[in-house]
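S.K.: One structure coming up, written as structure tokens, with questions to follow.
Just so you know, all these numbers are worked out from the coordinates, no wet-lab data involved. Not measured: the values here are computed from a predicted model. A quick note on method: Cβ atoms are made from the backbone with ideal geometry, for glycine too, and the neighbour counts reach across all protein chains shown.
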Protein chains: 2
Amino acid sequence: MAYLEPIGSVRRMSTRRTNPDFLNGVPELVVLELLSRRAMYGYEIVQAIQEQSGGVLGFGEGCVYPLLHKLEERGQLASQRVAFGGRSRVVYRVTTPGKSRLAETATEWRRIAASIQGILQGGDHALVPVHERKAG
Amino acid sequence: MAYLEPIGSVRRMSTRRTNPDFLNGVPELVVLELLSRRAMYGYEIVQAIQEQSGGVLGFGEGCVYPLLHKLEERGQLASQRVAFGGRSRVVYRVTTPGKSRLAETATEWRRIAASIQGILQGGDHALVPVHERKAG
DNA sequence: ACCAATACCTATCGGTTTGATGTATTTGGG
DNA sequence: CCCAAATACATCAAACCGATAGGTATTGGT
């Protein structure tokens with residue numbers, strides 16, 4: 001059906017983001033956090049993450065959209081289709097369970113980040129050999 | 001409790017760790033950091049991660065051993081089999097390329113962690129990146 | 001008409017971590 | 001002495017996640 005032209009291959013700006021690892025679970029946390037401030041639509045979130053992170057984070061649409069769907073399935077987000085200039089956007093907001101989830105994951109993140117930070121700054125002090133024999 | 005257990009099925013304490021996500025790439029960073037202080041063997045590293053993180057991190061052997069092999073393949077670690085009381089341990093140390101790698105990933109981690117921290121504390125006042133500082 | 005940006009979506013690939021299991025040796029308790 | 005637990009190495013399947021590349025449609029600028 002397609003014409004012989006690469007009509008589908010819309011050589012676009014590329015949604016690539018080249019994130020540097022360390023990111024498991026972070027998209028969820030960030031999306032919940034951003035949406036907890038105000039309702040947003042998917043495309044907007046993708047850009048907001050880039051901007052608010054100063055370009056450090058850049059989760060593509062292929063990461064964000066499936067995540068939004070998943071969070072909605074879980075009942076942590078709710079969506080609403082909103083007409084906007086003859087066009088429609090799917091606007092998401094955080095539900096009450098979603099707020100709980102955000103609180104949990106944010107706390108968890110701080111714990112873990114602090115722990116890693118501690119190890120990275122551990123330097124030569126706090127150098128305890130692992131010869132602690134189980135005393136019990 | 002049948003005593004006729006197959007000899008191989010050693011019902012052990014289970015190496016499960018139940019880490020809470022947020023961890024992609026972190027094992028590598030932590031292993032390089034710990035080894036940069038002093039040479040260690042695998043089993044020791046697994047325990048050191050738990051202890052030095054105050055129990056927050058707990059990467060199992062199934063995570064650490066393959067990681068050690070991978071890092072060695074990359075030339076970022078070097079290993080040496082060391083006899084120890086009729087037993088042998090594989091002791092790892094960080095190579096020069098490994099130290100570079102550690103420096104890179106540690107810097108990267110700080111960038112990302114700071115960014116996420118910023119978003120989590122962002123509230124409504126938009127934080128503007130302050131990387132305009134430049135010597136010269 | 002064309003192209004870029006906007007706006008939604010899905011599918012697939014690859015890497016990582018989890019959790020289980022295998023194997024062998026040493027140590028400690030009864 | 002025997003057994004269980006701890007030590008110490010290793011590998012593997014499944015699951016999960018994010019990166020990347022597609023796919024479709026609308027709008028606005030030139």
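S.K.: For the range B:26-119, what is the charge dipole size about the Cα centre, in debye to the nearest 20, if Lys and Arg each add +1 at the Cβ and Asp and Glu each add -1 at the Cβ?
M.R.: For this selection, approximately 280 debye.
S.K.: Report the dimensions of the range A:26-117 along its three principal axes from the alpha-carbon atoms, largest first, rounded to Å.
M.R.: That gives 49, 30, 21 Å along the principal axes, largest extent first.
S.K.: Treating the point 7 Å from Cα along Cα-beta-carbon as the label, what are the nm separations from B:R87 to the other copies, to one decimal?
M.R.: Those separations, rounded to one decimal, come out as 6.5 nm.
S.K.: Would you pull out the residues with amide H under 5 Å of A:M40's amide H, same chain only if 5 or more places away, H placed 1.01 Å from N?
M.R.: A:Y92
S.K.: May I ask for the net charge around B:Q76, where only other residues with Cβ less than 10 Å from the Cβ of B:Q76 are counted and Lys, Arg are +1 while Asp, Glu are -1?
M.R.: Counting the neighbours of B:Q76, the net charge comes to +1.
S.K.: Between the range A:44-72 and the range B:51-66, how many Å separate their Cα centres?
M.R.: Result: 29 Å between the Cα centres.
S.K.: I would also like to ask the following. What does the highest-first list of A:28-40, B:67-79 look like by mean Cβ count within 10 Å?
M.R.: My ranking of the peptides, most packed first, is A:28-40, B:67-79.
S.K.: Using a 10 Å cut-off on Cβ atoms, rank the peptides B:54-62, A:50-58 from the highest mean neighbour count down.
M.R.: So the peptides B:54-62, A:50-58, ranked by packing, come out A:50-58, B:54-62.
S.K.: So how far apart, in nm, are the two label points at B:R93 and A:Q121 if each is 7 Å from Cα heading toward Cβ?
M.R.: 3.0
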